[in-house]
Amino acid sequence: MKDMGEMLLRREGFSEVVIGNTALVRAMIEAGVGVVTSYPGSPTPEIASAIASIPAGLRPFYFEFSVNEKVATEVAFGAALNGRLAVVFFKSVGLNVAADTFVQLPLMEITGGMVVVLGDDPGAHSSQNEQDNRHFARLAYLPVFEPATAAETYSMFKEAAALARSRKTAVILRLTTHVCHAKEKVAFAPFAAARKDDGPRFDVRNGPYVPIAAAVFPMKRRALEKLEQFREYADDSPWNLVFSHGNKKRGIIACGTAFLALNDVLAVAGDRRPDLLKLGFSHPLPRRLLADFLSQHEQVLVLEELDDIMENEIRALAQLQGLAAVIIGKQDIGDWIGEYTPERVAAKLDKVWPGLLPARPETGRDRPAVTPRPPQLCPGCGHRSAFFAIKKALAAGDITVADIGCHSLGFLPPYQMGQVLLCMGASTATASGLALANAERRVLAFLGDSTFFHAGIPGIINAVFNRHNLTLVIMENGTTAMTGHQEHPGTGKNFNGPTAAIPLRRVLESLGVANIREVDAYSQKQLTAMVTAALAEEGFKVIIARHPCMLKHVREQKRRGAWKGVPVSVNQEKCRRIHECVSVFACPSYQLEDQGDVRVQEDLCIGDGSCLQTCPAGAIETRGPGGEK
Amino acid sequence: MKTGKFDIYVIGVGGQGIGLLSETLLRAADHAGQPVRGVDTHGLAQRGGMVASHVRIGAGAHSPLIMAGQADMVAALERHEAWRGMNSYLKDGGTLAYYDAVWQPLNVRLKKEAAVTSEAIGAACSARGIREVRVFRDDLPDPLMQNMALLAEICRLDLVPGLGIVHCEAALKDLLEGAKLEKNLALLRRIVQG
């Protein structure tokens with residue numbers, strides 16, 4: 001088996017098939033990065049997996065999963081002020097959490113240099129929105145690289161790091177889901193390991209670092225001057241390239257994976273192919289290059305995934321310079337939504353320039369729709385058991401509020417638990433508001449344990465402080481499950497080793513939460529009774545429903561040969577076709593046969609036994625460790 | 001060995017080993033000396049949802065994503081997902097290779113929609129000139145090896161141009177080790193050698 005850790009540290013150059021996230025880690029090592037921080041979030045956790053593949057003692061830089069993105073950005077910033085090249089990475093919406101810190105970065109002389117790696121998510125593959133973080137780059141006057149491939153991720157990071165260090169600033173490397181996860185063979189350069197350096201480098205004379213009142217203006221001026229210098233870089237950047245096909249009439253400006261899709265689609269356009277301008281360094285825009293491109297074509301399409309940011313800046317440029325090219329960009333709301341996949345790009349070209357692409361066979365027409373398969377709670381998941389039990393305690397009008405995490409999936413049928421979902425840590429305060437001016441409908445919120453530490457605590461303090469009336473169920477599974485089982489402050493381990501666990505209950509008690517109940521999420525009757533009781537009480541009540549993430553737990557136990565799962569089967573003589581197991585408890589292991597019989601899909605059942613208590617007819621039976629009845 | 005561009009859309013349910021199957025195909029093509037690119041589903045969807053990988057072999061592919069309706073082959077590990085894959089990504093006249101496991105989707109278990117039958121898949125393949133390869137074995141040592149059983153049939157029937165068992169073995173040796181590698185290689189060889 002190829003050893004990723006060995007490969008990432010290899011001194012000589014080599015080529016390997018990798019995803020963008022892995023290529024990025026090699027680039028960090030070659031660039032001499034000193035400190036890396038993050039909070040887990042798709043599409044970026046595999047960056048940490050690649051770091052984890054390097055044995056702790058051999059890692060050339062410090063890495064931590066911080067408690068949230070804001071803290072991660074601050075730790076990286078501090079390390080960069082201490083002269084270390086620092087990197088922070090997180091998912092798209094993580095930047096909202098980090099924003100208060102992030103927007104201050106351009107004001108600072110960041111002596112070590114800092115690269116902010118963003119995992120944007122066009123298509124909302126694993127996010128609650130598909131926000132376009134290029135807006136934030138404009139807000140913060142920070143330059144942006146936008147790689148399209150794993151190889152570009154590797155090369156652009158090294159360029160971004162060099163610029164960040166030499167210009168004492170932060171630089172954004174904006175990845176998207178299908179850049180982070182796209183695979184290809186990348187040629188890596190050799191590198192010489194730097195000597196370990198623990199010398200303190202922070203010097204207040206590099207500042208000022210305190211932007212208060214009038215001190216803000218010279219700092220802002222310096223930030224804008226740096227941005228102007230990056231504008232000059234943009235025109236000469238090797239990452240902004242014209243691909244000429246000798247087309248005087250039509251040109252297309254694109255970046256990221258939309259540019260790749262465009263190349264696939266145009267392969268059949270023959271000599272009608274428009275000229276292309278690929279922007280790998282996309283903020284600030286290269287004005288000279290763009291003006292030349294606009295002046296050389298009658299019509300220019302700005303093919304821009306998500307929002308119309310480049311389009312508007314290019315229109316402004318054309319107006320300022322009196323350029324006559326017809327600029328085509330967004331044409332309807334649909335153009336703002338979703339990922340620019342090859343079929344989307346082909347459809348856009350058909351709309352803009354009919355006949356450019358030869359007619360394609362229509363696909364998908366008259367084909368039967370296929371039932372969707374949304375993600376779902378795993379067999380044995382404690383959240384399923386909790387939702388099944390909690391639902392029994394709720395009245396018809398009661399309101400349930402979800403948060404971010406695996407338990408968000410409870411909104412799907414048949415549980416339909418969690419009628420509102422905003423963002424990380426928002427459930428308690430949202431529920432507090434729902435309970436105001438609401439004399440009848442009781443409000444119940446859910447919160448995961450990793451999210452509790454990330455952004456959940458202020459809402460809880462507020463509920464105590466302002467005496468709100470709601471029930472909060474903390475679904476404690478002992479990990480950050482959704483993003484791949486990272487440790488959190490409650491687990492007693494961090495990325496680098498053991499640490500003191502911060503017990504959830506003690507945090508709640510010290511915050512002044514007086515009404516706390518705890519239960520194993522598999523104890524369904526007890527949980528139902530607790531929720532019934534809590535809902536009948538006034539004030540702020542917390543129930544900790546605890547069960548380890550069974551995906552993680554069973555994997556770990558199996559690795560040790562210690563898993564004692566007892567698979568179940570349905571006794572067909574006792575079964576009364578009530579279907580509580582398959583349609584209400586709804587563990588995916590239960591499957592419906594044509595005649596209404598229920599069968600256990602043995603590939604799926606992990607033998608957790610959480611279903612045994614759910615059958616009113618008592619027809620679910622264990623089969624013994626070997627599968628025998 | 002260089003051949004024309006060949007796009008494989010791999011689809012199944014989170015937890016079935018789609019990632020290993022697609023990574024093996026991609027690396028096998030690399031071992032066969034062909035340019036490769038592709039992408040897997042990571043994150044949320046792996047929790048029992050539909051999971052797909054794009055494997056693009058040969059020169060001339062730029063995006064990691066295959067264009068809908070243009071895949072030369074769909075490799076599926078579950079019956080409903082085979083149906084989804086062929087309806088969305090497979091071109092007429094292409095190849096559908098699927099392992100006929102059934103993991104009922106939510107709406108089937110909730111009695112809102114009917115299950116897909118292998119007969120319906122067969123009829124649709126005939127109507128569209130699709131070569132249908134249905135794989136099912138009751139002699140697998142572990143249901144998690146259904147991906148290997150499908151890979152072995154793909155090798156045995158030479159469904160991917162230029163890709164042989166030797167390349168798949170090399171790819172598996174990149175990805176696995178110890179008893180797990182031996183188990184998978186043994187199954188691959190047993191099926192390919194008939």
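Structural remarks
- Members of segment A:1-39 that are buried (at least 24 other Cβ atoms within 10 Å of the Cβ) and within 10 Å of chain B (Cβ to nearest Cβ): A:19, A:20, A:21
- Search result, residues across segment B:111-139 that are part of a loop (DSSP other than H, G, I, E, B) and buried (at least 18 other Cβ atoms within 10 Å of the Cβ): B:115, B:116, B:130
- Scanning segment A:67-124 for residues that are polar (S, T, N, Q) and farther than 22 Å from residue A:208 by Cβ returns A:68, A:92, A:96.
- The helices (runs of 4 or more DSSP H) located wholly in segment A:137-246 that include 2 or more residues which are more than 14 Å from chain B (Cβ to nearest Cβ) and over 29 Å from the mean Cα position of the chain (by Cα) occupy A:216-236.
Quick grid of which residues meet (1) surrounded by fewer than 24 Cβ atoms within 10 Å (Cβ to Cβ); (2) part of a helix (DSSP H, G or I); (3) not aromatic (Phe, Trp, Tyr):
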{"site": "A:396", "(1), (2), (3)": "yes, no, yes"}
{"site": "A:414", "(1), (2), (3)": "yes, no, yes"}
{"site": "A:430", "(1), (2), (3)": "yes, yes, yes"}
{"site": "A:471", "(1), (2), (3)": "no, no, yes"}
{"site": "A:482", "(1), (2), (3)": "no, no, yes"}
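- Criterion (farther than 20 Å from residue A:258 by Cβ and either at pLDDT 95 or above or assigned to a loop (DSSP other than H, G, I, E, B) (or both)) met by exactly one of A:377, A:349, A:357: A:377
- When restricted to residues that are facing another protein chain (nearest Cβ under 7 Å) and either assigned to a loop (DSSP other than H, G, I, E, B) or in contact with a strand residue (DSSP E or B) (Cβ under 6 Å, 6 or more places away or on another chain) (or both), segment A:591-602 contains 2.
- Test result for residue B:90, in contact with a strand residue (DSSP E or B) (Cβ under 6 Å, 6 or more places away or on another chain), facing chain A (nearest Cβ under 7 Å) and buried (at least 23 other Cβ atoms within 10 Å of the Cβ): no
- Any pair with Cβ under 7 angstrom, 6 or more apart, that starts in segment A:410-434 at a residue that is within 14 Å of another protein chain (Cβ to nearest Cβ) and ends at one that is of a type in the set (Gly, Ala, Ser) and assigned to a helix (DSSP H, G or I): A:414/A:583; A:421/A:408
- Within the set A:113, A:78, A:94, the sole residue that is surrounded by fewer than 24 Cβ atoms within 10 Å (Cβ to Cβ) and assigned by TED's automatic domain parsing to the domain that holds residue A:38 turns out to be A:78.
- Within segment A:379-394, tally of residues that are closer than 15 Å to residue A:470 by Cα, out of contact with any Lys or Arg (no Cβ under 9 Å at 6 or more places or on another chain) and surrounded by fewer than 24 Cβ atoms within 10 Å (Cβ to Cβ): 1
- Condition check for residue A:282: more than 33 Å from the chain's Cα centre (by Cα) and of a type in the set (S, T, N, Q): no
- Among the residues examined, residue A:149 does not qualify as in contact (Cβ under 8 Å) with a residue 12 or more places away in the chain, touching a His at 6+ places or on another chain (Cβ under 6 Å) and over 16 Å from residue A:80 (Cβ atoms).
Yes/no matrix, rows are residues, columns are (1) more than 8 Å from every other protein chain (Cβ to nearest Cβ); (2) surrounded by fewer than 20 Cβ atoms within 10 Å (Cβ to Cβ); (3) part of a strand (DSSP E or B):
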site	(1), (2), (3)
B:39	no, no, yes
B:48	no, no, no
B:55	yes, no, yes
B:62	no, no, no
B:68	no, yes, no
B:73	yes, no, yes
B:83	no, no, no
B:86	yes, no, no
B:104	no, no, no
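The values are calculated or read from the model by the stated rules, or taken from the named source; none is laboratory data. This is a predicted model, so every value here is computed, not measured. When we count neighbours, we look across all protein chains shown, and the Cβ atoms used for this are built from the backbone with ideal geometry, even at glycine.
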